[in-house]
Amino acid sequence: MVKEGARSTALMILREMDIRGTYVDLALKSYLQKGRLSYRDRALVTELCYGVVRHLLTLDWWIEQVSKRKVKDMDPWIRNILRITLYQVAFLDKIPVPAACHEGVEMAKEFSHQGGAKFVNGVLRGYLRKKDEINLPDLEESPYRHLSLKYSFPAWMVKRWCKRWGAGEAWEYMSALNSPAPLTVRVNTLKVSQKDLKEIMVKEGVVVEESKLLSESLILKKVRDLAALNSFKKGLFQVQSESSMLVSRIVDPVKGETLLDSCSAPGGKSAHLAQAMMNRGKVISCDIHGHKVKLVGKNACRLGINIIEPLEQDAQRLPANFLNKIDRVLVDAPCSGLGVNRRKPDLKWKRKPGDFSSLAKIQLQLLKEAAKVLKPSGVLVYSVCTNEPEETTWVVKKFTAENTNFFLSDLTAFLPEKLRQEDSVSKGFLQLYPHKHYLDGFFLARWEKR
């Protein structure tokens, strides 16, 4: 019988990710819903899982410097016990080193065998003895390898960013992507004001700060269980990043119009569009996956929005009856997602160099299909949570060149003062970088149809 505790739960989650390729957020949600852990233990499980995934390459490098065996050849239980323990030793100040190491050995006894426990004990002792002697490859001789191991990103990705920006800015970008993201929510102004929601949530025991960027945003801290809050159940807010909130501002919807959110699930942006329209008009929310379409409808119901029409539909082939019928289209396209690595750290391990160009073809097709359904003078907005050129500026350049009846429109009027000075804003697009703007990495572009 396995003991239910924070470390053993984290171990089971990491092992599942290791052998099945499960995404960290999905695995966490599944295990935490089933378990009966305290708030403190749930927080530790989350910290351990995200921390290990975020620093995976660095942790494995350290293990191999004091072990005669390659990490990939180790039993999945053993390698993840070592990763969890070393993460606590190297990155968490509040957990005493002896306690972390003892727990690691005890887990090895429980999940492996006596020989496994001895091996874990030997590796941990070796690391503690030699940690000050473990040096990364020389920065001058192997800059990509050095930065890859130091910041735990694939070497090909590091090389790509160094060539684009130089090593200094690549370092800043990776460091920002490794930093935890704040928990932000969008106030449902159909039901409550920002000021009133803040007061309500404070009474619910949440530490709340008002955003300095967006009037509909709040930053939450020390939240025990978000879904258990009465304010959540009553639909007073939606969890959403501030980069994502900017998308609807650039769409600039008008009440009474017909809008299309072509890749809408789970529905946060559709809800924001409907909110900006004062719940008057129509928002058609498409997604190719039926189970995700249901989430869009469920979320709209919680928020008290009735103008969203969920539709199971491939947005690369929109219905003929949509032709020239839509006032504004949002193409929040599938992408590599590397701009939100601080929220989804496992994405960097799942990406391959060829992904960007293959995704760009899909993104371009989505835009071409969206262009067909727009009315004359309609607005088309493109959004991706990545900063990779193939998925951002290349797609914009290609679409604009092939669709001469569309022109990029100035974004200045739609953005907060803080972002209006960016060079590209007047040209019709905006790059948001985590190391420059302290926001998720996003790319936004806006066209108008002649």
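The values are calculated or read from the model by the stated rules, or taken from the named source; none is laboratory data. Worth saying up front: this structure is predicted, and the values here are computed from it rather than measured. Virtual Cβ from ideal backbone geometry, glycine too; neighbours counted across all protein chains shown.
Restricting D423, D440 to those that are modelled with pLDDT under 95 and in the same structural domain as S248 (by TED's automatic domain parsing) reduces the list to D423. For the criterion of being over 26 Å from Y151 (Cβ atoms), buried (at least 19 other Cβ atoms within 10 Å of the Cβ) and either in the same structural domain as S148 (by TED's automatic domain parsing) or in contact (Cβ under 8 Å) with a residue 12 or more places away in the chain (or both), W77 passes.
Restricted to segment 106-180, the set of helices (runs of 4 or more DSSP H) holding at least 2 residues that are in the same structural domain as T58 (by TED's automatic domain parsing), touching a strand residue (DSSP E or B) at 6+ places or on another chain (Cβ under 6 Å) and not aromatic (F, W, Y) is empty.
When we screen V247, V223 for residues that are over 15 Å from L303 (Cα atoms), within 22 Å of the chain's Cα centre (by Cα) and in the same structural domain as S383 (by TED's automatic domain parsing), the only hit is V247. Checked against (1) touching an Asp or Glu at 6+ places or on another chain (Cβ under 8 Å); (2) among the aliphatic types (A, V, I, L, M); (3) surrounded by fewer than 16 Cβ atoms within 10 Å (Cβ to Cβ), V97 passes all but a single condition, namely (1). Exactly one of these conditions fails for L92: (1) closer than 22 Å to K344 by Cα; (2) modelled with pLDDT of 95 or more. Give me its number. All conditions are met except number (2).
For segment 240-258, the candidate set comprises residues that are hydroxyl-bearing (S, T, Y) and part of a helix (DSSP H, G or I); within that set, the residue that is nearest to M277 (Cα to Cα) is S248. Scanning segment 211-239 for residues that are assigned to a strand (DSSP E or B) and modelled with pLDDT under 95 yields a total of 1. Checked against (1) closer than 28 Å to N341 by Cα; (2) in contact with a Leu (Cβ under 7 Å, 6 or more places away or on another chain); (3) not hydroxyl-bearing (S, T, Y), V120 passes all but condition (1). Looking at R54, R69, just one residue is of a type in the set (K, R) and within 26 Å of the chain's Cα centre (by Cα), and that residue is R54. Evaluate segment 343-354: report whether one residue or more is surrounded by fewer than 22 Cβ atoms within 10 Å (Cβ to Cβ), among the aliphatic types (A, V, I, L, M) and within 26 Å of D252 (Cα to Cα). Checked against the condition, which is being surrounded by fewer than 22 Cβ atoms within 10 Å (Cβ to Cβ), among the aliphatic types (A, V, I, L, M) and within 26 Å of D252 (Cα to Cα), segment 343-354 yields no hits at all.
Scanning segment 10-27 for residues that are of a type in the set (A, V, I, L, M) and more than 19 Å from F111 (Cβ to Cβ), we see that the one that is surrounded by the fewest Cβ atoms within 10 Å (Cβ to Cβ) is L26.
Which of the residues spanning segment 406-423 are buried (at least 17 other Cβ atoms within 10 Å of the Cβ) and outside any helix (DSSP H, G or I)?
Restricting attention to segment 406-423, the residues satisfying the condition of being buried (at least 17 other Cβ atoms within 10 Å of the Cβ) are 406, 408-409, 411, 414-415, 419, 422.
Listed by number, the residues that qualify are F406, L408, S409, L411, L415, E422.
Residues that are more than 16 Å from the chain's Cα centre (by Cα), in contact (Cβ under 8 Å) with a residue 40 or more places away in the chain and closer than 21 Å to K72 by Cβ within segment 19-47 comprise I19, G21, listed in sequence order. The set of residues in segment 183-218 that are closer than 12 Å to F237 by Cβ and hydrophobic (A, V, I, L, M, F, W, C) comprises L183, V185, V187, L190, V192, L197, I200, M201, V206, V208, L218. Filter segment 436-447 down to the residues that are crowded, with 17+ Cβ neighbours inside 10 Å and not hydrophobic (A, V, I, L, M, F, W, C), then identify the one that is farthest from the chain's Cα centre (by Cα). Filtering first and then ranking leaves R446. Here L323 meets the list (1) over 24 Å from R450 (Cβ atoms); (2) surrounded by fewer than 23 Cβ atoms within 10 Å (Cβ to Cβ); (3) not aromatic (F, W, Y) almost entirely, failing just condition (1). Within segment 103-155, being within 22 Å of W171 (Cβ to Cβ), touching a helix residue (DSSP H, G or I) at 6+ places or on another chain (Cβ under 8 Å) and exposed (fewer than 14 other Cβ atoms within 10 Å of the Cβ) holds for I134, D138, L139.
Among the residues of segment 67-96, which ones are within 24 Å of S179 (Cβ to Cβ) and either part of a helix (DSSP H, G or I) or among the polar types (S, T, N, Q) (or both)?
First, pick out the residues of segment 67-96 that are within 24 Å of S179 (Cβ to Cβ): 80, 83-95.
Selection gives N80, R83, I84, T85, L86, Y87, Q88, V89, A90, F91.
The rows are residues; the columns are (1) without any contact (Cβ under 8 Å) to a residue 12 or more places away in the chain; (2) charged (D, E, K, R).
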residue	(1), (2)
D196	yes, yes
S243	no, no
T258	no, no
K269	no, yes
S285	no, no
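Give the residue that is surrounded by the most Cβ atoms within 10 Å (Cβ to Cβ), with candidates limited to residues of segment 31-58 that are of a type in the set (S, T, N, Q) and modelled with pLDDT under 90.
Residues of segment 31-58 that are of a type in the set (S, T, N, Q), as a first pass: 33, 38, 46, 58.
Now drop any that are not modelled with pLDDT under 90, which leaves 33, 38.
Working: Q33: 7, S38: 11.
Out of the qualifying residues, it is S38.
In segment 377-403, the residues that are in contact (Cβ under 8 Å) with a residue 12 or more places away in the chain form Cβ pairs under 8 Å with partners that are among the basic types (K, R) and part of a loop (DSSP other than H, G, I, E, B), at six or more places apart or across chains, as follows: S377/R450.
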